[in-house]
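The structure appears right after this line, and notes come after that.
The values are calculated or read from the model by the stated rules, or taken from the named source; none is laboratory data. Owing to the predicted nature of the structure, the values given are computational and were not obtained by experimental measurement. Cβ: placed from backbone, ideal geometry, glycine included. Neighbour counts: every protein chain shown. What goes into the accessible areas is simple: the full protein's heavy atoms, side chains included, and nothing from ligands, DNA or RNA. Shrake-Rupley method; radii C 1.70, N 1.55, O 1.52, S 1.80 Å.
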Amino acid sequence: MSEVFKGSFTQQEPIPEDGIAAALDVMRSGRLHRYNLVGDEAGETALLEREFADYTGATYALAVTSGGYALATALRAVGVQPGHKVLSNAFTLAPVPGAIASVGAVPVFVGVTENLTIDLEDLQAKADQADVLLLSHMRGHLCDMERLMAICEAADVTVIEDCAHTMGAAWKGVASGRWGKVGCYSTQTYKHINSGEGGFLITDDAEIAAKATILSGSYMLYARHGTTPPEDVFERVKYDTPNVSGRMDHLRAAILRPQLARLETQCAAWNDRYAVVEEGVRGTPGLTVVERPEEETYVGSSIQVLLLDWQDSAIADVIARCLARGVELKWFGGAEPKGFTSRYDSWRYAPSAPMPDTDRVLRSILDMRLPLTFSLEDCAQIARIIRAEVGAVYQAA
Ligand SMILES: *Cc1c(COP(=O)(O)O)cnc(C)c1O
């Protein structure tokens with residue numbers, strides 16, 4: 001009998017008890033709105049903003065309703081206008097081009113390499129087409145950030161980082177989100193801290209922070225934020241910045257604060273699981289492990305392997321056989337968008353020329369989440385199943 005994995009790829013850990021207790025306190029108070037404060041109380045949301053700024057080393061942190069909202073707010077705050085072009089990754093998730101489209105701008109897709117990072121040659125070639133790059137550190141893979149920043153600085157391109165999968169990650173010791181002008185994060189259930197929905201935006205730029213704060217729906221209550229730019233900066237921007245309501249509330253902030261405090265331990269736990277799967281599948285004939293560069297500090301909350309230059313039908317076979325044994329692999333090569341997974345050519349509101357090298361990589365990507373509810377033994381079993389099924393299909397081909 002071949003072994004079958006029984007775990008759930010979508011089961012997260014519970015919210016820590018101190019987070020639950022803090023959430024109950026907020027609910028008992030009835031004051032859930034971030035500006036509903038008593039006396040000189042700071043409130044959970046402002047405290048979370050301070051803690052997130054401390055955690056990242058940024059001057060300003062703003063808590064908002066979602067990662068996608070943070071991205072759109074960052075685009076608006078750096079001055080993207082309807083009709084502008086914005087460079088972004090061809091390999092990412094739909095909310096990234098969606099954020100660009102939501103401000104009326106037009107994505108220009110940049111290819112992906114076999115390392116699953118943005119193709120810097122392609123970026124160099126396209127850098128003169130836009131003033132902004134919305135860089136998605138998709139599935140936690142960081143490119144050579146020094147080279148990327150050099151390309152963007154030379155072309156006068158402002159970088160906004162999508163750190164939905166890189167909260168806790170760094171390149172050469174500098175945190176993701178701290179290379180570009182703005183860093184954006186998600187606290188949605190499948191990311192590194194979990195409030196159901198939620199997000200952050202960080203920056204050192206006082207004007208971007210002030211605009212983002214007003215955009216997020218601060219009204220004129222911006223002084224109640226955790227990290228507030230000087231009043232004169234608000235004076236400059238407050239009449240011209242629309243309120244595009246998207247605040248975080250105290251309830252979400254209350255459950256995030258204890259999780260942020262534990263994030264480092266959680267990241268280590270993800271990396272333990274990642275290492276077990278990586279070692280377990282390494283050397284499987286026909287399968288390519290994505291080697292992680294020494295300069296990269298990553299958070300292995302998901303793992304990707306490549307079946308480069310396989311027939312689509314053989315890849316589909318691997319996926320079906322793994323699924324039959326309880327291992328759910330997502331495929332970025334599928335012609336039709338499915339679940340959370342879609343391809344740049346399925347975002348038809350953002351027309352693009354075909355990118356054959358990128359298509360070759362996308363077609364080959366098998367992607368799997370590693371929730372912390374999996375034990376190390378679960379991870380070893382998952383790797384054995386993938387190894388066996390990839391091997392069986394590869395041999396038959
Ligand atoms: C989840 C995600 C987002 C959007 O975050 P939400 O909080 O779901 O809006 C953006 N980019 C990437 C790469 C994501 O995975």
> Which residue, chosen from 241, 141, 159, occupies the Cα position most advanced towards the positive end of the dipole of the chain, where the dipole is computed from +1 (Lys, Arg) and -1 (Asp, Glu) charges on Cβ about the Cα centre?
Replying inline: 241
> What shape does region 263-396 take by its C-alpha gyration tensor, where a ≥ b ≥ c are the square roots of the eigenvalues and a/c under 1.5 counts as rounded, a/b above b/c as prolate, and the rest as oblate?
Replying inline: oblate
>> Accessible area per residue for the chain in Å², computed with a 1.4 Å probe and the full protein assembly in place, what is it?
In response: 41
>> From Cα pairs below 8 angstrom and at least 6 apart in sequence, can you work out the relative contact order of region 17-261, rounded to a whole percent?
In response: 29
>> Among the listed pairs 191/211; 6/330; 172/330; 85/181, which have their C-alpha atoms separated by more than 23 angstrom in this model?
In response: 191/211; 172/330
> Using a 1.4 Å probe on the protein chains only, how many percent of the accessible area of region 11-96 belongs to carbon and sulfur?
Replying inline: 53
> Of all the accessible heavy-atom surface of region 263-396, with the other protein chains kept in place and a 1.4 Å probe, what percent is carbon and sulfur?
Replying inline: 52
> At a 1.4 Å probe radius, carbon and sulfur cover how many percent of the accessible area of region 189-249?
Replying inline: 50
>> What are the ³J(HN,Hα) couplings of region 302-309, residue after residue, when phi is run through the Karplus curve with 6.51, -1.76, 1.60 and θ = phi - 60°? Round to Hz, x for glycine and proline.
In response: 8, 9, 10, 10, 10, 10, 6, 6
> HN-Hα J couplings of region 370-386 from phi, Karplus 6.51/-1.76/1.60, θ = phi - 60°, integer Hz, Gly and Pro as x?
Replying inline: 10, x, 6, 6, 7, 7, 5, 5, 4, 5, 5, 5, 4, 5, 4, 5, 4
>> Can you tell me, using C-alpha contacts under 8 Å and at least 6 residues apart, the relative contact order of region 263-396 as a whole percent?
In response: 39
> Using helices alone, what [θ] at 222 nm do you get for the chain, with -39,500 (n - 2.57) per DSSP H run of 4 or more residues, divided over all residues and rounded to the nearest 500?
Replying inline: -12000 deg cm²/dmol
> By the gyration tensor of its Cα atoms, with a ≥ b ≥ c the square roots of the eigenvalues, what is the shape of region 120-251: rounded for a/c under 1.5, prolate for a/b over b/c, or oblate?
Replying inline: oblate
> Amide H neighbours of residue 333 under 5 Å, counting only residues 5+ apart in sequence or on other chains, H built in-plane at 1.01 Å?
Replying inline: 365
> Given H placed 1.01 Å from N in the peptide plane, which residues other than close sequence neighbours of residue 302 have an amide H under 5 Å from its amide H?
Replying inline: 370
>> Starting from the Kirkwood Rh over alpha-carbon pairs, what translational D in µm² s⁻¹ does the chain have by Stokes-Einstein at 10 °C and 1.306 mPa s?
In response: 73
> Among rounded, prolate and oblate, which fits region 1-108 when a ≥ b ≥ c are the square roots of the eigenvalues of its C-alpha gyration tensor, a/c under 1.5 means rounded, and a/b larger than b/c means prolate?
Replying inline: oblate
>> Using each residue's phi in region 234-246, evaluate 6.51 cos²θ - 1.76 cosθ + 1.60 at θ = phi - 60° and report the 3J(HN,Hα) Karplus result to the nearest Hz, with x for Gly and Pro.
In response: 4, 4, 5, 10, 5, 7, 10, 10, x, 8, 10, 2, x
> In whole Å, what is the distance between the alpha-carbon centres of region 243-315 and region 37-67?
Replying inline: 25
